[in-house]
Structures are given as structure tokens and as C-alpha cells.
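The numbers here are math on the coordinates, done by the rules we state, and not lab data. This structure is a prediction, so every number in the text was calculated from the model and none was measured. Reconstructed Cβ throughout: ideal geometry from the backbone, glycine too, with neighbour counts over all protein chains shown.
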Amino acid sequence: MIATRPLILVAACALVDLRQRVLVAKRPEGKTFGGLLEFPGGKLEAGESAEQAVIRELREELAVTIAIADLQPLTFASHAYANFQLLMPLFVCRQWDGQPQPIEHEEIAWVSVADLAGPTSAWPMPPADAPLLPALATWLAA
């Protein structure tokens, strides 16, 4: 019999600025993957769509307001962690209201996808986030 892991649904968003950089947020020390950079977002609540979760999470984490029409689905990650299976759609967004602030993260940074990618990157990401970079790079180059 194959052991199954609980499925955790998380939605994330790559905010993209006018210079084609994406916003990444540093996870707080003491949390799982503390010190690593991630795309902002979080777990879906009961009855919530992925888009609604992204809008809520970015309001809570970054103090920005996003309209659902400004979210574009891009790709997703599926990653098997030791105790659960993570499924994470990634949205991209070029328009929001407010100046992003690191409310729930140690810090935030605007970084080029090229600087995030690769094994020697100075910007390490959790295992589920890093595989999203090639699709994001392709989208930004289009």
C-alpha cells in the first residue's frame, strides 16, 4: 500500500514591477524554511478560491490591494515534502494599490528572475518555489 500525504493548497503571486523584477519575501527565522525567499501567498481557507487567497494573503503580508482582474494564472508547483504534498498555483500581477511592506516577513526585495535562478544564486528559495522560475522567466521575456 502506498502511503499518502495530506494535500496542502497554497496560492502564490509574483508581483512584477516596471523593471521586470519580481517581489520576493524572506521567511522569518524560526519558521519552516526560515531565511529563504518565497513568492508571497499562503494557504487557501475553506471555501476560498486561489485568487481570493492571493488577494487576502498579499493584503495581510504586504499591505497591498489587488483586483482579481489583475491576477493572471501562470503555472503551478507540486512538491512532495516529508509530511504533506504541496500544490501551489502561481499568479503574476503587474498592478496593485499600495506600497509593498514586509508585514509578515523579515524583509522583501525586488529581484530579477535571472538572479533568483541557478544553484549558485545568492537568493535561495524553498524547494517548491524554485521550480516556478523557468515559467516566470519565459513569461517575462514574452
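As a test, work out the antiparallel percent of DSSP beta bridges whose residues both lie in the range 7-141, rounded to the nearest 5. Expressed as a percentage, antiparallel bridges in the range 7-141 total about 75. Here the gap between Arg19 and Leu140, fully extended at 0.36 nm per residue and compared with their Cα-Cα distance, gives a gain of 42.5 nm.
A simple packing score, the average count of other Cβ atoms within 10 Å per residue, orders the peptides 80-88, 10-18 as 10-18, 80-88, with the highest score first. Evaluating 6.51 cos²θ - 1.76 cosθ + 1.60 at θ = phi - 60° for every residue in the range 124-138, the Karplus couplings come out as x, 10, x, x, 7, 7, 4, x, 7, 5, x, 5, 5, 4, 5 Hz, glycine and proline recorded as x. With helices as the sole contributors, the chain gives -5000 deg cm²/dmol at 222 nm; each DSSP H run of n ≥ 4 counts as -39500 (n - 2.57), and the sum is divided by every residue.
For the range 3-73, trypsin sites (Lys or Arg not before Pro) are listed when DSSP marks them as loop and at most 16 other Cβ atoms sit within 10 Å of their Cβ; the list is Arg19, Lys31.
Under 5 Å from the amide H of Ala14 lie the amide H atoms of Phe91, Val92, Cys93, each residue being 5 or more positions distant or on a separate chain, with H modelled from the backbone and absent for Pro and chain starts.
In whole percent, what relative contact order does the chain give with Cα contacts below 8 Å and a gap of six or more residues? Result for the chain is 30 percent.
Of the GluC sites (Glu not before Pro) found in the range 1-49, the ones in coil according to DSSP and having at most 16 other Cβ atoms within 10 Å of their Cβ are Glu29, Glu45, Glu48. Inter-label distance, Ile103 to Thr4: 3.6 nm, where each label sits 7 Å from its Cα along the C-beta direction.
Along the range 52-66 the Karplus relation, 6.51 cos²θ - 1.76 cosθ + 1.60 evaluated at θ = phi - 60°, assigns HN-Hα couplings of 4, 5, 4, 4, 5, 5, 5, 5, 6, 7, 10, 6, 10, 10, 10 Hz to successive residues, with x for each Gly and Pro.
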